[in-house]
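Down below is the structure, laid out as structure tokens.
Rule-based calculations on the coordinates, nothing more; no lab input. It should be emphasised that the depicted structure is a prediction, and the values quoted were computed from it without experimental measurement. For neighbour counting, all protein chains shown are included, and Cβ atoms are generated from backbone atoms with ideal geometry for every residue, glycine included.
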Amino acid sequence: MSSVNVRTLVNDFLTANWITTPFFDLSDFTTNSDLPINTTDSWLGIQYFGGVEDIQSIPAKCYRETGAISFHIVSPSGFTSTAALTLCEQLRDLLRDRRLGSLYFMEVRPPTDQSGKAIKFDGAWNGFVIETVYWYDIAY
């Protein structure tokens, strides 16, 4: 799982900049039915995946964490994908080439609903996933 610093930077950035839909850190919920959502609106779910931390400079005590974050745009099923894909592109535009302090998104991949990480039809929901790769530098 990504470090607390990375999670805080991303969640704070989305709180300040993503007003289009509600968003949820999926680590805080067991199932979709636990989410405080209504069944007619899209929402954004965030999954933080395992990262690694490597030494960048021993004398300076500099480390680099690299990892992945999946951003899920989840919409009610039964509608065309156009609205969900439009939300995906808005989010990609917000994240692409973004630096949040010492956090940098190296990759912001196009959305897909075919990845194993995408939220599949789950009752009334269908999801698209935008997979990202980041690095985060920290000095102690």
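Axis of helix 82-95 versus longest Cα principal axis of the chain: the two differ by about 10°, to the nearest ten degrees. Taking Cβ atoms as reference points and 13 Å as the exclusive limit, the residues near VAL10 contribute a net charge of 0, counting Lys and Arg as +1 and Asp and Glu as -1. Estimated at 0.36 nm per residue, the fully extended path between ASP54 and LEU94 surpasses their Cα-Cα distance by 11.6 nm. Once the Cα atoms are used to define both axes, helix 4-17 deviates from the longest principal axis of the chain by about 50 degrees.
When only alpha carbons of the chain are considered, Rg and Dmax amount to 15.8, 57 Å. For TRP125, the residues 5 or more places off, or on other chains, whose built amide H falls under 5 Å of its own are SER77.
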